[in-house]
C-alpha cells in the first residue's frame, strides 16, 4: 500500500487545505425542518349504534412572530450546527408542540429561492402518522397555539396536453384545513411533464388563505405520499390500538385514501399484515366483532 501524500494543484495536503479553508468562500443558506404529523380520529356521533366516521387530521401551529404572524404553519424550525436533521426535527417538535419520542421519516427537500422572505432557506420535511390519543399537545413560547385540523385534499380539475415527445398533465387540488375555530384553504397546481424518458413534476401554490409560507404545497405533497405509502407499507398500523377490528382498519384506509373500498378486496390485501385473535369486541349497541392484531413479521406481497 502506497504511503504517498496526496497534494492538490496548489501543492497542499488535505490537512493543510483544511487549515486554510475559508468557510466564507460560499454563501451558506439556512436549513430548517418541517414536520407533517398526521392522525386519524373519530368524528363525534349522537348515534351510539352506528360506528363513528373517521377523519384525517394534521397538526399545525399558529405563528407568534413575523413573518406570516397569525397564520398557521407546520411545526418546525432551524437546524443547529451540531445536530442532524432528524435530531433537529425531534427537538423542534418537542419544543413547539410537546410531542416526544415518535418515529418520523424524511419526506422531501424544498429549495425554491424565494420560499421565505427572511433569507435563503432550504427546508427538509418529515412525516409521521400517530395515534393522537397518546399525545399531550401544548404550544410553546414561540407559537401562539397548536391544534389539530381536519384535512382534505381533492382533485377538482385535470387537463392533459400531448406534446411532441410525451405529454403535460396539469392537476388542480383544493386543500382544506378546518377545526372548530379556523378555516384554512389553498389551491395547488401540480404539473407533470413527460418527454421521452424524462419526467418532471412541479408544484405551485395558486392561492393560499391562512397557511404560512409554502406549506400548502408541502401538505399536498405529504398527503399524496401518505396515500401511496399506505398501500405498500404498515404505516397505517401506527394509528391502531393493540387489538382492532378489520372494519376499524378499513375505515382508516378509506379516510386516508379518500375512497370507499370493497370489503372482500380490502381483507384479502391486508390478510398477511394481521393476526386473528380469540377475542371479540364488547361495545354496547354493536354485534361482537373478531379482534385482530398487527403481524410484525409481515413481508410486502404485491398483487
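General remarks:
- Yes/no for residue 104 being buried (at least 18 other Cβ atoms within 10 Å of the Cβ), touching a residue at least 60 places away in the same chain (Cβ under 8 Å), touching a helix residue (DSSP H, G or I) at 6+ places or on another chain (Cβ under 8 Å) and under 10 Å from residue 33 (Cβ atoms): yes
- Test result for residue 207, modelled with pLDDT of 95 or more, outside any helix (DSSP H, G or I), in contact with a strand residue (DSSP E or B) (Cβ under 7 Å, 6 or more places away or on another chain) and under 30 Å from residue 69 (Cβ atoms): yes
- Top-ranked residue of region 107-150 - restricted to ones that are modelled with pLDDT of 90 or more, in a strand (DSSP E or B) and out of contact with any helix residue (DSSP H, G or I) (no Cβ under 7 Å at 6 or more places or on another chain), ranked as surrounded by the most Cβ atoms within 10 Å (Cβ to Cβ): 123
- For the residues 233, 281, 247, the requirement of being within 30 Å of residue 123 (Cβ to Cβ) and either surrounded by 19 or more Cβ atoms within 10 Å (Cβ to Cβ) or at pLDDT below 95 (or both) singles out 233.
- Each residue in region 79-98 was checked for being more than 16 Å from the chain's Cα centre (by Cα), within 16 Å of residue 109 (Cβ to Cβ) and assigned to a helix (DSSP H, G or I), and 1 of them qualify.
- Residue 229 meets the conditions (1) touching a residue at least 24 places away in the same chain (Cβ under 8 Å); (2) assigned to a helix (DSSP H, G or I) in every case but one. The failed one is (1).
- One residue stands out in region 48-78 among those that are under 17 Å from residue 127 (Cα atoms) and not in a strand (DSSP E or B): the one that is modelled with the highest pLDDT, namely 74.
- Residue in region 238-245 that is out of contact with any strand residue (DSSP E or B) (no Cβ under 6 Å at 6 or more places or on another chain), under 10 Å from residue 40 (Cβ atoms) and part of a loop (DSSP other than H, G, I, E, B) present: yes
- Every listed requirement among (1) over 23 Å from the mean Cα position of the chain (by Cα); (2) in a helix (DSSP H, G or I) is met by residue 250 save one, (1).
- Matching residues in region 78-95 - criterion: being under 25 Å from residue 39 (Cβ atoms) and surrounded by 18 or more Cβ atoms within 10 Å (Cβ to Cβ): 88, 89, 90, 92, 93
The values are calculated or read from the model by the stated rules, or taken from the named source; none is laboratory data. Keep in mind that what you see is a predicted model, and the values were worked out from it rather than measured. Neighbour counts run over all protein chains shown; Cβ positions are idealised from the backbone, glycine included.
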